[in-house]
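Read-outs: derived from the displayed coordinates by stated rules, not from any lab. Note that the coordinates shown come from a computational prediction; the quantities given were computed from them, not determined experimentally. Glycine also receives a Cβ, built like all others from the backbone with ideal geometry; neighbour counts cover every protein chain displayed.
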Amino acid sequence: MRQAGRYLPEYREVREKAGGFLNLCYSPALAAEVTLQPIRRFGFDAAILFSDILVVPDALGQKVWFAEGEGPRLEPIESEAELSRLAPHKASIKYSIICETVSRLRQDLPDETALIGFCGAPWTVATYMVGGRGSPDQAAARLFAYGDRAGFSKLIDILVESSIEYLSAQVSAGADVLQIFDSWAGSLPENEFQRFAVEPTHRMVRVLKERHPEVPIIGFPRGAGILTPDFVRQTGVDGVSCDTSMPLSFMRDEISKTGAVVQGNLDPLLLVSGGEALERRVREIVHEMAGKPFVFNLGHGIVPQTPPENVGRLVETIRSVSVAG
Ligand code: CP3
């Protein structure tokens, strides 16, 4: 998760050249290059397209920018009336630029390295569109959803439709696997989780499976906790990413039971500290999940202060314990 990025000096160099984060996302040669950087360094089994979940609101016509050192900013959409600022029919122009990165990557990557395409889940993307920025509690989107269900549902519907178009185009361009990031799923109460996380993701999975039955889809309902097995069954995802708080025993016993491939849940901060603590936890995860369909992964994005050599050590440790059983 976030395998490319600021912890790599070669990324920072390209990022500087691109002049702005979104420019980097919309420069196929440079975006392909930063996707390949961690693959060259570490030989991961899969590469994830370098882009961002906020490309979708940008393509829909909302103003999006990345304030240096502060994260994403958007001109907030605070009511149903403001949805008229969006132009869904124009989104394909920007999607096609990202898809050019995907085709380049499928050509440049080794055949055995899977290419993961992705987008944000409608709920998570909506939290940024409504709040205008990241927030610890996603209050603006929750208040919109509770106060004007019909209006908020229209926003979710626009995102479902456009995200299907976007992911489908990524598959046509060469993505082998798709991932849907619902990073803020955990801020929804159970009934709203059903309505705004499960349902929209299910609609996306249903259409994508009709169009591309061979392409596995991974969900990441971060913070979903004990609702995760139901999330898997009801959305129909083939794989599920677990955050750092998910107990390994629950991953092994309850989530695996759904038939989905489980991934996660190493704490990205263990990759910063490294050493014994990292090695010990890697062994615990691998041993606990032994015999279940499992993909080793972090529980959330890699952080900029991660020493690259710790990532190298991690890969060595996983490969040695997996071989040793
Ligand atoms: O993993 C990869 O290498 C693929 C690229 C990728 C990025 N963002 C690049 C990025 C992926 C898969 C994402 C997903 C994403 N983006 C999510 C969902 C997963 C998660 O982490 O919860 C979310 C919520 C976003 C929105 C977003 N983009 C935020 C909140 C930020 C700021 C965070 C920060 O660390 O500054 C971004 C910026 C961003 N997206 C960076 C990268 C490499 C850092 C930007 C930079 O280079 O300045």
- Message: Taking 31 Å as the cut-off for C-alpha to C-alpha distance, list the pairs among Lys63/Lys154; Lys209/Lys292; Lys94/Lys257; Lys154/Lys292 that go past it.
- Response: Lys94/Lys257; Lys154/Lys292
- Item | segment 59-188, relative contact order [Cα under 8 Å, separation at least 6], % | 34
- Count the net charge of all other residues whose Cβ sits under 9 Å from the Cβ of Ala32, scoring Lys and Arg as +1 and Asp and Glu as -1. -2
- Who wins for biggest fluctuation among Ser79, Ser241, Ser51 in a Gaussian network model of the chain, springs between alpha carbons below 10 Å? Ser79
- Message: Just to confirm a number: summing +1 for Lys and Arg and -1 for Asp and Glu over residues other than Asp58 whose beta-carbon lies under 15 angstrom from that of Asp58, what do you get?
- Response: +3
- Longest the chain segment clear of GluC sites (Glu not before Pro) sitting in DSSP loops (not H, G, I, E or B) with at most 10 other Cβ atoms within 10 Å runs 215-325
- Cα-based reach from Lys17 at 14 Å (exclusive), listing aspartates and glutamates while leaving out same-chain residues under 8 positions away: Glu33
- Note on the structure: The local net charge around Asp148, scoring Lys/Arg +1 and Asp/Glu -1 for residues other than Asp148 whose Cβ lies under 13 Å from its Cβ, equals 0
- Query: In whole percent, what relative contact order does the chain give with Cα contacts below 8 Å and a gap of six or more residues?
  - Reply: 15
- Message: At 222 nm, what value in deg cm²/dmol follows for the chain if DSSP H runs of at least 4 each add -39500 (n - 2.57) and the sum is divided by all its residues, to the nearest 500?
- Response: -15000 deg cm²/dmol
- Checked segment 255-325 against the a/c 1.5 cut and the a/b vs b/c comparison, axes a ≥ b ≥ c from its Cα gyration tensor; verdict oblate
- Considering amide H positions built from the backbone, and no H for Pro or chain starts, which residues 5 or more places from Arg133, or on another chain, come under 5 Å of its amide H? Leu74
